[in-house]
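First comes the structure, then the notes that go with it.
The values are calculated or read from the model by the stated rules, or taken from the named source; none is laboratory data. Worth saying up front: this structure is predicted, and the values here are computed from it rather than measured. Glycine also receives a Cβ, built like all others from the backbone with ideal geometry; neighbour counts cover every protein chain displayed. Accessible surface is based on the protein model in full, side chains and every heavy atom, while ligands, DNA and RNA are left aside. Shrake-Rupley method; radii C 1.70, N 1.55, O 1.52, S 1.80 Å.
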Amino acid sequence: MHTYPDAHSVVSAMAPDEPVILNRPHAASRAAKFFTEHFPGKVLYAVKANPSPELIRVLWDAGITHYDVASIAEVRLVRAELAEATLCFMHPIKTRKAIAEAYHQHGCKTFSLDTMEELHKIVEACRDPETGAAANDLRLAVRLRVSSEHAQLSLAAKFGCDLTEAPSLLQEARQYCDWLGVCFHVGSQAMSPFAFVQALDRTRAAIAEASVVIDMIDVGGGFPSVYPGLEPPPLEDYFKIIHQHFYALPVAYNAELWCEPGRALCAEYSSVIVKVEKRRGDELYINDGAYGALYDAAHVDWRFPVVALADDLRDPLMDFAFYGPTCDDADYMAGPFPLPADIKAGDYIEVGMLGAYGAAMKTGFNGFGDAEQFIVADEPMASLFDGSRKRPEADNVISLR
Ligand SMILES: *Cc1c(COP(=O)(O)O)cnc(C)c1O
């Protein structure tokens, strides 16, 4: 695929009528290498953050060998792309058919669960279809419910067993596998490493109560990226604190430590070029929105960084809100998005940091799903991995270009 230097050159070459997704393989590769080099354990990529086959290949080439998949479609997708990847089916509610296909056809041995019902479903689905013998190579991870209080997006309410249920579930799961783990998710974009401390304390309590041998601790995702108004401490702080608290757990001497970042590995991978179709005061009608890559901007008021791509805009920045292209009032993004005050219909805007839960969210609702994709060589609008960020104590200002 042709590589463009940056968003400006794409606009000059194409004057695109539809949104355009710009991908930066170098940025995803750099994030993956940072994690594999600095995280004190194994790094899984959580595929739901961005299931693009091209991205999955980039991450594999950068050293990510394990993939957290949540649906049979994700299992098939990663297996089709990477014959040798290790697949871990980490959604705690799966259908019996999905489990059986993942195990028998795609070599997936690792499954998470948060109920007895799911445990027995997994055990049954993985039996040898001819002999009925139970699988002897299952690797099970009990999902614990933990607090999401430090995260921007909660994953606390839906999944995970609580401390009263965990001990008996761990004991029962231990009967069916030689390798037993505990996993959790502190919520997405966790703004403090302390989120993991609380979760690991809870893990300690569950293991102590169960008194079973634990072979793996999976601290899940939640590692932050950087957005306007959401500037996290350095990832090294998260890794250090996780490492310390992992070492203090009552687990097997050779127990493994895992993490499952989605956002942190791919947020910098993509940006999107949108076109201004109309201006009404401080509101811009653009061609992507709540049902497209800007899903989070509309539904959870996420502020993504923006730059205008027109050369003739001279005015200082002012704050804008966006309307997306569909006919639905909910297709609205409050922002604020600072752009030159003289921006007008026909101008283009690049919206950054959309590699995670952005490009993946596009739907065809109302006929507005199309987007061409190109590779660009320039830097993402912000990066946790390019060496530019000082510790936040020293510099509270995010470096946006
Ligand atoms: C969504 C999810 C992840 C990735 O979360 P991020 O916040 O994107 O890092 C990891 N593990 C599980 C089980 C998830 O559901």
**Message:** Could you check region 77-132 and list, in sequence order, the residues that are of a type in the set (Val, Ile, Thr) and either over 22 Å from the mean Cα position of the chain (by Cα) or closer than 29 Å to GLU54 by Cβ (or both)?
**Reply:** VAL78, THR86, THR95, ILE99, THR110, THR115, ILE122, VAL123, THR131
**Prompt:** Is it the case that region 162-175 has a residue that's surrounded by fewer than 22 Cβ atoms within 10 Å (Cβ to Cβ), of a type in the set (A, V, I, L, M) and out of contact with any Asp or Glu (no Cβ under 8 Å at 6 or more places or on another chain)?
**Reply:** no
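If only one of PRO316, PRO336 is over 28 Å from the mean Cα position of the chain (by Cα), assigned by TED's automatic domain parsing to the domain that holds GLY364, more than 18 Å from ILE21 (Cβ to Cβ) and free of Cβ contacts under 8 Å to residues at least 40 places away in the same chain, which one is it?
PRO316
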**Message:** Looking at the structure I just gave you, is ASP319 open to solvent by 50 Å² or more (accessible area, probe 1.4 Å), in contact with a Pro (Cβ under 8 Å, 6 or more places away or on another chain) and at pLDDT 95 or above?
**Reply:** yes
**Message:** When you scan region 340-348, do you find a residue that is at pLDDT below 95 and open to solvent by 20 Å² or more (accessible area, probe 1.4 Å), even just one?
**Reply:** no
**Request:** Just name the residue that is farthest from ALA85 (Cα to Cα) out of those in region 97-133 that are aliphatic (A, V, I, L, M) and touching an Asp or Glu at 6+ places or on another chain (Cβ under 8 Å).
**Result:** MET116
**Asked** Checking GLU268 against (1) buried (at least 18 other Cβ atoms within 10 Å of the Cβ); (2) assigned to a loop (DSSP other than H, G, I, E, B), which test does it fail?
**Response** (2)
**Request:** Would you confirm whether any residue within region 30-40 is open to solvent by 30 Å² or more (accessible area, probe 1.4 Å), closer than 30 Å to ILE286 by Cβ and either modelled with pLDDT of 95 or more or not in a helix (DSSP H, G or I) (or both)?
**Result:** yes
**Message:** Just checking, does region 4-20 include any residue being within 14 Å of the ligand (Cβ to nearest atom) and in contact with a Leu (Cβ under 9 Å, 6 or more places away or on another chain)?
**Reply:** no
**Request:** Please state which one of LEU309, LEU284, LEU249 is outside the structural domain of ASP331 (by TED's automatic domain parsing) and either crowded, with 17+ Cβ neighbours inside 10 Å or of a type in the set (A, V, I, L, M, F, W, C) (or both).
**Result:** LEU249
**Item:** Test result for GLU283, among the charged types (D, E, K, R) and within 16 Å of the ligand (Cβ to nearest atom)
**Value:** no
**Prompt:** Residues GLY324, GLY355, GLY262: which one is assigned by TED's automatic domain parsing to the domain that holds HIS66 and at pLDDT 95 or above?
**Reply:** GLY262
**Asked** Quick check: is even one residue across region 194-207 assigned to a loop (DSSP other than H, G, I, E, B), within 16 Å of the ligand (Cβ to nearest atom) and either within 30 Å of MET333 (Cβ to Cβ) or in the same structural domain as TYR357 (by TED's automatic domain parsing) (or both)?
**Response** no
**Message:** So, ALA49, is that one assigned by TED's automatic domain parsing to the domain that holds HIS120 and either surrounded by fewer than 18 Cβ atoms within 10 Å (Cβ to Cβ) or under 30 Å from ALA156 (Cβ atoms) (or both) or not?
**Reply:** yes
**Message:** Condition check: away from the ligand (no atom under 15 Å from the Cβ), more than 18 Å from the chain's Cα centre (by Cα) and at pLDDT 95 or above. Does LEU138 satisfy that?
**Reply:** yes
**Request:** May I ask you to verify whether ALA32 is in contact (Cβ under 8 Å) with a residue 40 or more places away in the chain and closer than 16 Å to LEU354 by Cα?
**Result:** no
**Asked** Taking region 43-70 as the search range and keeping residues that are polar (S, T, N, Q) and in contact with a Leu (Cβ under 9 Å, 6 or more places away or on another chain), which one is nearest to the ligand (Cβ to nearest atom)?
**Response** ASN50
